[in-house]
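Report on one structure; see the data block that follows.
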Amino acid sequence: MIATSNKQQGTRERKRQQATSNKRQGVKESFEVFSLSPVSCRLSQEKGFRRLDVWKKADELAYRIYKVTKDFPKHELFGLVSQMRRSAVSVPANIAEGYAHYAMKEKNRFYEIANCSLVELEYYIYFVNERLKYIDKEQHDELSELRSEVGRMLNGLIRSTGGKRHVTGV
């Protein structure tokens, strides 16, 4: 019985040391079975936002805006082209920055900024199609559909982090 008691104490001591080691490394006890090394955790956190589907779609939208605005008149380069590109790139950039924050309030702030940039872009897409005729109906429909999809996904992300749903013409 004494041997069993010593054996149990040794097991308890090993578990306590392992738990202390895990806490120092930032690993929660409930995740011990995965045995992630601190290096692999750091690498996955650095590229974490790239795994978000909404970020991927927003990135694709920004890329397509760059391609479409390339053919705009040269006199629009520092006006409408600059504004469209800035608002388009702002969406995935703010999603990425929001993802990096730990506090939900901060996450939501950046996701909402991304949403506002998306609404701004919605207007530009309308304006260059309906008013200026810089893009044709097919380009307009493609960009509008992609913008709507990003809007729906972004609203879902905002709701999942405790924010309020926004109406963005979706």
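A short reminder: the numbers here are calculations on the coordinates, not readings from a lab. What you are looking at is a predicted structure, and each value in this text was computed from that prediction instead of being measured. Note: ideal-geometry Cβ built from the backbone for every residue, glycine included; neighbour counts use all protein chains shown.
Sort THR69, THR161 so the one with the fewest other Cβ atoms within 10 Å of its own Cβ comes first.
THR161, THR69
Please give me, ordered by residue number, the trypsin sites (Lys or Arg not before Pro) of segment 108-159 that lie in loop per DSSP and have at most 13 other Cβ atoms within 10 Å.
Details: sites: ARG109, ARG131, LYS133, LYS137, ARG147, ARG152, ARG159; in loops: LYS133.
Loop-located and lightly packed - LYS133.
Can you put LYS105, LYS56, LYS74 in order, fewest other beta carbons within 10 Å first? Walk me through the numbers on the way to the answer.
Values: LYS105 10, LYS56 16, LYS74 7.
Fewest-to-most ranking of LYS105, LYS56, LYS74: LYS74, LYS105, LYS56.
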Taking every Cα atom in segment 48-160, find the radius of gyration and the maximum pairwise distance Dmax, and write them in Å. 14.2, 44
Need the full-extension length gain, GLU120 to ALA103, defined as separation in residues times 0.36 nm minus the C-alpha distance. One decimal, nm. 3.5 nm
Step through the table entries LYS70/LYS164; LYS57/LYS137; LYS74/LYS164; LYS105/LYS133; LYS74/LYS137; LYS47/LYS67, compare each Cα-Cα distance with 31 Å, and write down the pairs that go over it. LYS70/LYS164; LYS74/LYS164; LYS105/LYS133
